[in-house]
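Visitor: Quick one: this structure, given as structure tokens, is what I'll be asking you about.
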Amino acid sequence: MDDTYEVYVNRVARMMLPEAYLSQVQHIQASPKFKRLPNGEFQPVPFAGYSVITPPWCDETGNEAFYARLQTLQQQMLQQLPSELVVPVPPDSFHLTLADLIWDSAYHHAADDDPTFEPKLCDRIADSFQKFQVYAQSEQPIIWQAFGLIVRTRGVGVCLVPKNEESYERILQLRRAIYQNSALMGLGIEQQYHFTAHVTLGYFSDATATVDRDRLGQTLTQISQSWLDPDAEDRQEFQLRVNRAELRKFEDMTRYDRDPGWAVLEL
């Protein structure tokens, strides 16, 4: 299901064009993952599940410059966009999702039907990690670079592109080791999305109902273009080094936890 390297790079490059932002903002909607309280504050809504991700910033031993750069971008974006249009996620939760697994009603249904679902999931992800290690070891680092803002139907983030073809292929090999694991498929887990590497900065609120969408598209274009540095290819603050993949559980979109015994893959 995932793109080839060339198709991926061309696809995301088109998403960064001004006309793409103007088109994308016409379809944005309020995310159900946050709700507005009577006092005007936003609260995360329960949304439980599992994913394979890079360690969140709060647990990351590297990539400090990269995530600090994203935090600055998040603050600038919130200042320039209409008030309360975007509900920011906590910066210490910043991460790259490598493989979505199961979430919300599908997760609750699976866990309710099988009391051993979670330990089975952990074991089968560990098996996928082991299979990946057998044929995909390399001394070359996996590096993805910030490319610009990405607008999705219910949120906004930073899109990433691989620094080279090997960085892309190794992530695809990992995804295949996960999604083509028949024992994992037996738990009801299957690939549902093309891979579009991104770090989420926030989710759209109910303010989308009244926002000037054409102006929003122009503002997002300006933010993205002014933030990126054309000479940033070798600067650490624009690079995410993917050192580790972990199985993580989430209860909402603000925190991603793991048990010390859960599967880990050193990359």
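The values are calculated or read from the model by the stated rules, or taken from the named source; none is laboratory data. Please read all numbers here as calculations on a predicted model, not as lab measurements. Neighbour counts are summed over all protein chains in view; Cβ atoms, including those assigned to glycine, are modelled from backbone coordinates with ideal geometry.
Visitor: Hey, among the residues in segment 82-96 that are assigned to a loop (DSSP other than H, G, I, E, B) and surrounded by fewer than 19 Cβ atoms within 10 Å (Cβ to Cβ), which one's nearest to the chain's Cα centre (by Cα)?
Guide: 90
Visitor: Right, here's the next one. Looking at segment 56-67, which of its residues are assigned to a helix (DSSP H, G or I) and not hydroxyl-bearing (Ser, Thr, Tyr)?
Guide: 57, 58, 59, 64, 65, 66 - these are the residues of segment 56-67 that are assigned to a helix (DSSP H, G or I) and not hydroxyl-bearing (Ser, Thr, Tyr).
Visitor: For segment 97-117, give me each residue that is buried (at least 16 other Cβ atoms within 10 Å of the Cβ), out of contact with any strand residue (DSSP E or B) (no Cβ under 6 Å at 6 or more places or on another chain) and in contact (Cβ under 8 Å) with a residue 40 or more places away in the chain.
Guide: If the condition is that a residue be buried (at least 16 other Cβ atoms within 10 Å of the Cβ), out of contact with any strand residue (DSSP E or B) (no Cβ under 6 Å at 6 or more places or on another chain) and in contact (Cβ under 8 Å) with a residue 40 or more places away in the chain, then 110, 117 are the ones that fit.
Visitor: Let me ask something additional. Looking only at segment 224-267, count every residue that is modelled with pLDDT under 95, buried (at least 17 other Cβ atoms within 10 Å of the Cβ) and either over 30 Å from residue 166 (Cα atoms) or among the hydroxyl-bearing types (Ser, Thr, Tyr) (or both) and tell me the total.
Guide: The total comes to 1.
Visitor: Among the residues of segment 14-55, which ones are touching a Phe, Trp or Tyr at 6+ places or on another chain (Cβ under 8 Å), surrounded by fewer than 16 Cβ atoms within 10 Å (Cβ to Cβ) and either at pLDDT below 95 or part of a strand (DSSP E or B) (or both)?
Guide: Residues satisfying the conditions are 35, 36, 43.
Visitor: Is it true that residue 102 is outside any helix (DSSP H, G or I) and within 25 Å of residue 46 (Cβ to Cβ)?
Guide: In short, yes.
Visitor: Can you spot a residue in segment 191-202 that is within 21 Å of residue 2 (Cβ to Cβ), modelled with pLDDT under 95 and of a type outside the set (S, T, N, Q)?
Guide: Yes, there is a match, as at least one residue in segment 191-202 is within 21 Å of residue 2 (Cβ to Cβ), modelled with pLDDT under 95 and of a type outside the set (S, T, N, Q).
Visitor: When you check residue 238 against the structure, is it in contact with a helix residue (DSSP H, G or I) (Cβ under 9 Å, 6 or more places away or on another chain), closer than 30 Å to residue 124 by Cα and of a type in the set (Phe, Trp, Tyr), yes or no?
Guide: Criteria not met by residue 238.
Visitor: Another question about this same structure. Looking at (1) at pLDDT 95 or above; (2) assigned to a helix (DSSP H, G or I); (3) hydrophobic (A, V, I, L, M, F, W, C), which is the only condition residue 111 fails?
Guide: (1)
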